[in-house]
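Accompanying notes for the structure given below.
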Amino acid sequence: MTAAPDFTPWPAEVAQLYRDLGYWQGEPFGAWLRGLAAQYGRRTALVYGEQEVSYRDLDARADRQAAHFAAQGLGQGDHVVVQLPNTPKFFDVLFGLTRLGAQPILALPAHRQSEIGYFCTHAEAAAYIVADRHAGFDYRPLARAVQAQAPSLRRVFVLGEPEEFVPLTPPDDLAPFSALAVSASDLALFQLSGGSTGTPKLIGRTHDDYLYSVRASAEICGLSPETVYLAALPLAHNFPLSSPGTLGVLHAGGQVVIAPQPTPDVAFDLIRRRGVTMTALVPALLLVWLQAARRDRSALGSLARVQVGGAPLSPDVARQVPEVLGAEVQQVFGMAEGLVNYVRPGADPDAAYTTQGRPISPHDEVRVVDDQDRDLPDGTPGHLLTRGPYTIRGYFRAPDHNARAFTPDGFYRTGDIVTRWPDGALTVSGRHKDQVNRGGEKIAAEEIEYALLGHPQVQNAALVGVPDPLLGERSCAFVQPDGPVTPGLTLTLKRHLHSLGLAAYKIPDRIEFLPELPRTAFGKIDKPALRALAQARPV
Ligand code: OOB
């Protein structure tokens, strides 16, 4: 059996190069935050409703949170699944855990038992952190179910009414926290992969590599103490967290305004009241904002830049941003595994609308190759492979998958089809990986196909993306039933998927039945044919 390493290191000489270049500074999150507190002191770091948290407070809160976690038995190297909505507590937890050397696994509020149970068992998580309720969902029954499934879970912390669990808020009588020595080359946190296989993958990011991407992103994007950033997307996602995201804004001494919801009714008011200068959106949300701003954009006067990423943005929509929102649009093409590309601020409009930018680092290596991994000339679309100072060399405990997802010399196979231009800018022109990108939320086709195959009335199943004017893509499952299509089978199958505890965004938007799934000459299910069929069939 192959060993399943937690972390695939960079080769020693490459790591040394990144240190020599000053990319990896040997500073863990805890010390980084301490430095920000010293530099920015009483300035406001976070805004949430009427609450304001200064840099100094943020640092002190991280200490208290770390002390609370330590008193509850958490420590260095513990994996902790964190699933919190957009509140300042997210940062207390992130900074509290990383200060202890415990490693948060940053789950999304939409995840349910299938995903959370998997993260807890696969990573042998020591703790799970949730809010009592959010968006009409009670996370405590979920915590009970996960606890029954994952024997490693020693504690569940709950923000709000904890019931039988541990309150997330530290008690008043805590002993002071004495800092631990945390190595910057250790894992700081786990991001989650959208993936294309049956199980989601965990992406371990080191303090060194993650903070490099944060610092460099803040610089490229020209952030400063004057930046007021609206965190509208879920805080845990790599884009709003680090590209440059909330961490980049904190690095620059700016203000993070936390939006509980990304919708215009909530977000526009925050922009007006707090003088927000910048935000990050996925294209689906941008469309909703554009629609609302066409009716009334009087709240958006301070907004200077809107970053858009996570899914393809059509040049036509990009072009509307300056006129309708009165702000510059900045495309961001990134991935939780590492590589992030930015259109540089002030780029000529044509490049700004039609490319997704160029990599952060001069040491991001980018290859565009054909099906046989042969390099292609600029201007020709091909598979994007990459390695560099903040791109992982392997997923957590996934040796078989790693053998496919990385080349022997450590390039990550992104699964994206891109065209590189002579100036190094990339245009994303397609996707090779078997995934549906539903408004920026990634769905691994195989995960849903396996789940459908688990139902007795399903003989075979294939999930494809269908173009959608709002979400970019919606999902359509083609099912070859085992026997006749009984009345209500569509609903039965959707209920089946819900009962497995899959996040709601993964439930297919459409289910279509076929007597047999089309196959290619090689006998594989013919997904292009299914995509064409889904588009041709009226919904
Ligand atoms: C971001 O990260 P993930 O891990 O949720 O998804 C990565 C994938 C990419 O491989 C690509 O398929 C797609 O999302 N994607 C884009 C895109 N940005 C991401 N496709 C077309 N155009 C774009 N601008 O989505 C992410 C992480 C950091 C920053 C920004 C996005």
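A short reminder: the numbers here are calculations on the coordinates, not readings from a lab. What you see is a predicted model; the values in this text were computed from it and never measured. Ideal geometry is used to build each Cβ from the backbone, glycine not excepted, and the neighbour counts take in all protein chains shown.
Annotations for the structure displayed:
- Counted residue by residue at 0.36 nm each, then reduced by the alpha carbon distance between them, the extension gain from residue 432 to residue 154 reaches 96.1 nm.
- Using the average count of surrounding beta-carbon atoms within 10 Å as a protection proxy, the listed peptides 456-462, 129-135, 93-99 rank, highest first, as 93-99, 129-135, 456-462.
- If the convex hull is drawn through the Cα atoms of segment 214-431, its volume per residue in Å³: 118 Å³
- Table column - 3J(HN,Hα) (Hz), segment 463-471, Karplus curve with 6.51, -1.76, 1.60, x for Gly and Pro: 9, 10, x, 10, x, 9, x, 9, 8
- The charge dipole of segment 314-452, taken about the Cα centre with unit charges on the Cβ atoms of Lys, Arg (+1) and Asp, Glu (-1), comes to about 300 debye, rounded to the nearest 20.
- For the chain, share of DSSP beta bridges that run antiparallel, in % to the nearest 5: 55 percent
- Each Lys or Arg adds one and each Asp or Glu subtracts one; over the other residues with Cβ under 13 Å from the Cβ of residue 393, this totals -2.
- Segment 384-434 and segment 480-539 have Cα centres spaced 29 Å apart.
- Helix content alone sets the calculated 222 nm mean residue ellipticity of the chain: runs of n ≥ 4 DSSP H residues at -39500 (n - 2.57) each, divided across all residues, give -9500 deg cm²/dmol.
- Beta-bridge orientation, segment 214-431: approximately 60 percent antiparallel, per DSSP, counting only bridges with both partners inside.
- Positive-end residue, the chain charge dipole about Cα centroid, Cβ charges, pick of 88, 211, 389: 88
- Computed over the chain, Cα set: Rg, Dmax in Å: 22.8, 70
- Length gained on full extension, residue 21 to residue 499: 167.0 nm, using 0.36 nm per residue less the C-alpha separation.
- Centre separation in Å (Cα based) which lies between segment 337-378 and segment 158-230: 27 Å
- Cβ charges +1 (Lys, Arg) and -1 (Asp, Glu), total dipole of the chain, debye: 640 debye
- Spatial offset of segment 256-306 relative to segment 115-156 amounts to 33 Å, using the alpha carbon center of each.
- Computed log10 I(q)/I(0) for segment 99-195 at 0.10, 0.21, 0.22 Å⁻¹: -0.31, -1.19, -1.25, from the Debye equation with unit scatterers placed on every C-alpha and solvent omitted.
- In order along segment 83-91, the phi-based Karplus estimate (6.51 cos²θ - 1.76 cosθ + 1.60, θ = phi - 60°) of 3J(HN,Hα) comes to 9, 10, x, 6, 9, x, 4, 3, 6 Hz; Gly and Pro are listed as x.
- Out of every Cα-Cα pair that segment 179-233 contains, those further apart than 19 angstrom amount to 53 percent.
- For the peptides 214-220, 147-153, 305-311, the ranking by packing is 305-311, 214-220, 147-153, with the highest mean count of neighbouring Cβ atoms within 10 Å listed first.
- Dipole magnitude of segment 394-452 about its Cα centre (Cβ charges: Lys, Arg +1; Asp, Glu -1), debye to nearest 20: 100 debye
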